[in-house]
Amino acid sequence: MSIKAAIHHLTHYRYDRPVILQPQIIRLQPAPHSRTRVLSHALKVLPEKHFVNLQQDPYGNHLARFVFPEPVDELRIEVDLIADMTVYNPFDFFVEETAETWPFAYPENLRDDLSIYLTPEPAGPLLEDFLAGIDRTPQNTVDFVTTLNARIQRQIGYIIRMETGVLTPEETLRRAQGSCRDSSWLLVQALRHLGLAARFVSGYLIQLRPDL
């Protein structure tokens with residue numbers, strides 16, 4: 001029997017006087033390619049007097065664009081969803097023969113599509129030192145990525161960080177700790193500097209109590 005997790009996400013602003021809102025783009029619906037199955041999803045926005053257009057961005061993410069024609073004194077965004085937490089094998093995929101060994105070159109017909117995921121931010125001295133310590137000899141691609149991920153897990157201590165935003169790789173390496181989004185961004189930037197297309201995704205951290 002699988003575990004089902006219910007998520008309630010509330011964002012609520014109150015204003016001391018009526019304000020005019022620009023169109024609000026809400027990105028709180030799971031991506032269609034998510035490995036976790038979403039059993040139900042509901043989005044409720046107040047004030048009720050609004051216009052909404054459901055869209056998809058160029059990367060397949062669901063967007064909801066809300067327009068409020070009149071001044072408002074509050075904005076309330078409420079999301080409820082139920083996710084099926086059935087365990088799956090994260091290594092249940094295949095790698096094209098041309099990419100089984102790293103380093104490799106992406107096919108010419110994919111490079112334009114992947115360019116946004118291949119372009120890194122400039123590396124600071126700490127990230128340069130981190131990259132310099134990586135074995136560049138040919139090796140199995142999955143093993144290489146897994147080893148790099150494990151190295152970041154060992155080197156960067158995990159903390160719960162409530163502040164907004166994502167730390168730069170330099171700051172994460174300097175602190176030697178960060179939240180999951182900080183370590184993820186460090187991994188993304190490292191992979192891009194190494195010629196591997198990588199993208200950053202967001203999500204919810206659900207920590208289930210152990211079955212005692």
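The values are calculated or read from the model by the stated rules, or taken from the named source; none is laboratory data. Quantities reported herein were computed from a predicted structural model and do not represent experimental measurements. FYI the Cβ positions are ideal-geometry reconstructions off the backbone, even for glycines, and counts take in every protein chain you see. Each accessible area value is taken on the protein alone, full model and side chains, heavy atoms only, with ligands, DNA and RNA left out. Shrake-Rupley method; radii C 1.70, N 1.55, O 1.52, S 1.80 Å.
The residues on offer are Leu167, Leu196, Leu186, Leu191, and the sole one that is in contact with a Gly (Cβ under 8 Å, 6 or more places away or on another chain), modelled with pLDDT of 95 or more and either assigned to a loop (DSSP other than H, G, I, E, B) or closer than 13 Å to Leu118 by Cα (or both) is Leu167. Only one of the numbered conditions (1) of a type in the set (S, T, N, Q); (2) out of contact with any helix residue (DSSP H, G or I) (no Cβ under 9 Å at 6 or more places or on another chain); (3) closer than 12 Å to Pro120 by Cβ is violated by Thr164, and that is (3). Residues of the stretch 14-27 that are among the β-branched types (Val, Ile, Thr) and surrounded by 11 or more Cβ atoms within 10 Å (Cβ to Cβ): Val19, Ile25, Ile26. For the stretch 76-109, a residue qualifies if it is under 24 Å from Val145 (Cα atoms) and surrounded by 12 or more Cβ atoms within 10 Å (Cβ to Cβ), and the qualifying residues are Val95, Ala99, Glu100, Thr101, Trp102, Pro103, Phe104, Tyr106.
Across the stretch 127-141, the qualifying residues are those that are among the hydrophobic types (A, V, I, L, M, F, W, C) and open to solvent by less than 70 Å² (accessible area, probe 1.4 Å), and the one among them that is farthest from Leu167 (Cα to Cα) is Ile134. Taking the stretch 28-51 as the range and being hydrophobic (A, V, I, L, M, F, W, C), open to solvent by less than 70 Å² (accessible area, probe 1.4 Å) and more than 23 Å from the chain's Cα centre (by Cα) as the test, the residues that pass are Val45, Leu46. Of the numbered criteria (1) surrounded by 15 or more Cβ atoms within 10 Å (Cβ to Cβ); (2) small (Gly, Ala, Ser); (3) closer than 29 Å to Pro58 by Cα, the one Gly178 fails is (3). Would the stretch 15-25 turn up any residue that is in a strand (DSSP E or B) and at pLDDT below 95? No, the stretch 15-25 contains no residue that is in a strand (DSSP E or B) and at pLDDT below 95.
Scan the stretch 146-169 for residues that are open to solvent by less than 50 Å² (accessible area, probe 1.4 Å) and not basic (Lys, Arg) and jot them down. Within the stretch 146-169, Leu148, Ala150, Ile152, Ile156, Gly157, Ile159, Gly165, Leu167, Pro169 qualify. Screening Pro120 on (1) farther than 18 Å from Ser202 by Cβ; (2) of a type outside the set (A, V, I, L, M, F, W, C); (3) open to solvent by 50 Å² or more (accessible area, probe 1.4 Å); (4) under 19 Å from the mean Cα position of the chain (by Cα) shows it passes everything except condition (3).
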